[in-house]
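Data first, discussion second: the structure below is written as structure tokens.
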Amino acid sequence: MQNQLLERATAKRDSLWHKKATLTDFAEQLKEHGGFYQTGWCRDKACENALKEYSATIRCLIPQKEFKVCFRCDKPSEGDILIAKAY
Ligand SMILES: [Zn+2]
């Protein structure tokens with residue numbers, strides 16, 4: 001299921017896939033336009049919960065580590081994730 005989502009997202013990456021380092025970089029865009037946001041995450045639930053404010057969730061973990069720091073806090077990222085609005 002997660003892989004299918006990732007494949008579909010990858011197929012549309014030109015228009016929907018964004019790479020952003022921090023939540024403040026993509027919060028407005030996420031709210032207004034949706035799309036997928038690749039970023040780093042420390043694996044802390046508190047950071048994941050911050051996405052609820054934007055009706056978004058972490059959709060899957062990505063086997064890459066392009067981002068060194070979590071999208072919300074200063075802790076090191078444990079690996080990239082894909083964030084999208086929950087529909
Ligand atoms: Zn964090």
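Nothing in this text is a laboratory measurement; each read-out follows from the coordinates by a stated rule. Given the structure is predicted, the values throughout are model-derived calculations rather than measurements. Neighbour counts run over all protein chains shown; Cβ positions are idealised from the backbone, glycine included.
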| request: Collect the residues in the range 47-87 that are within 12 Å of the ligand (Cβ to nearest atom) and β-branched (Val, Ile, Thr), keeping them in residue-number order. | output: Ile58, Val69, Ile81
| request: Keeping to the range 49-70, report how many residues are farther than 13 Å from Ala86 by Cα and under 10 Å from the mean Cα position of the chain (by Cα). | output: 2
| field | Neighbours by Cβ (under 6 Å, 6+ apart or cross-chain): first from the range 36-56, touching a residue at least 12 places away in the same chain (Cβ under 8 Å); second more than 8 Å from the ligand (Cβ to nearest atom) and basic (Lys, Arg) | value | Tyr37/Lys20; Gln38/Lys19; Thr39/Lys20; Tyr54/Lys31; Ser55/Lys85; Ala56/Lys85
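Yes or no: the range 27-46 includes at least one residue that is within 12 Å of the ligand (Cβ to nearest atom), within 22 Å of Leu16 (Cβ to Cβ) and hydroxyl-bearing (Ser, Thr, Tyr).
The answer is yes, given that some residue of the range 27-46 is within 12 Å of the ligand (Cβ to nearest atom), within 22 Å of Leu16 (Cβ to Cβ) and hydroxyl-bearing (Ser, Thr, Tyr).
Of all residues in the range 44-87, which are more than 19 Å from Thr24 (Cβ to Cβ) and loosely packed, with under 14 Cβ neighbours inside 10 Å? Please lay out each step first, then the result.
Within the range 44-87, the first condition is being more than 19 Å from Thr24 (Cβ to Cβ), and the residues that meet it are 45, 59-65, 78-79, 86-87.
Correct list: Lys45, Pro63, Gln64, Lys65, Ala86, Tyr87.
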